[in-house]
Amino acid sequence: MMELGLTVPLQRVVKIKPPACGIEPDRRFCWDLHVIGLRGYPCLLAVHCHSRYTFVRCDVPPLQWADVAGLFQEGLFESFTAAGFSREQVAGYLQRAGTIGLTRTHGRREVAFLNRAWEDVLALDLCLDPSHQKQPLLDHAVNTRPCRCAGFPGLGTGLERMESSLAGL
């Protein structure tokens, strides 16, 4: 099962009670989601719990937050295809992940990834294009920024680690 860990601020936006903790042991199928403001626009920040791959959806209207899983899937598909993954790779990943469940965020390490991704997005907000929800330039800038990631040796990028994660499936 694919688990989407929602931060407390995002739980308030989507108006749900705190969900249960996640149980998926394979972090390749876990993402943490947060609501952030960029230049005054409410945005979805999604961070992969295994690789720190990140994508942003900009200017999300209130009705779209009601289907946070659909918003996530659309963002994932568009971000992955813009990053060079084939439609078949993306569809295969989603199929292997199975159904989507909403949980709390996944742990200290993963929340650290989320915080680091948020810092990177804020530092690179010159790449933000508020005229579109999808943010291929911002996603690329964040995911090609070298950093350390627990479970991976040395410096690497979110994109390289996501490629490695998908190859291991």
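The values are calculated or read from the model by the stated rules, or taken from the named source; none is laboratory data. This is a predicted model, so every value here is computed, not measured. Counting neighbours? That spans all protein chains shown, and the Cβs are built from the backbone with ideal geometry, glycine included.
Quick notes on this one:
- Those helices (runs of 4 or more DSSP H) of the range 1-92 in which 2 or more residues are closer than 19 Å to residue 143 by Cβ occupy 68-82.
- Among all positions in the range 64-75, there is at least one residue which is surrounded by fewer than 21 Cβ atoms within 10 Å (Cβ to Cβ), among the acidic types (Asp, Glu) and more than 13 Å from the chain's Cα centre (by Cα).
- Residues considered: 96, 145. Of these, the only one that is closer than 16 Å to residue 27 by Cβ and either surrounded by fewer than 16 Cβ atoms within 10 Å (Cβ to Cβ) or at pLDDT below 95 (or both) is 96.
- Residue within the range 101-113 that is in contact (Cβ under 8 Å) with a residue 40 or more places away in the chain, over 19 Å from residue 11 (Cβ atoms) and of a type in the set (S, T, N, Q) present: no
- Residue list for the range 15-30, filter: small (Gly, Ala, Ser) and crowded, with 18+ Cβ neighbours inside 10 Å: 22
- Lone qualifier among 85, 113, 80 - being in contact with a His (Cβ under 9 Å, 6 or more places away or on another chain) and not aliphatic (A, V, I, L, M): 113
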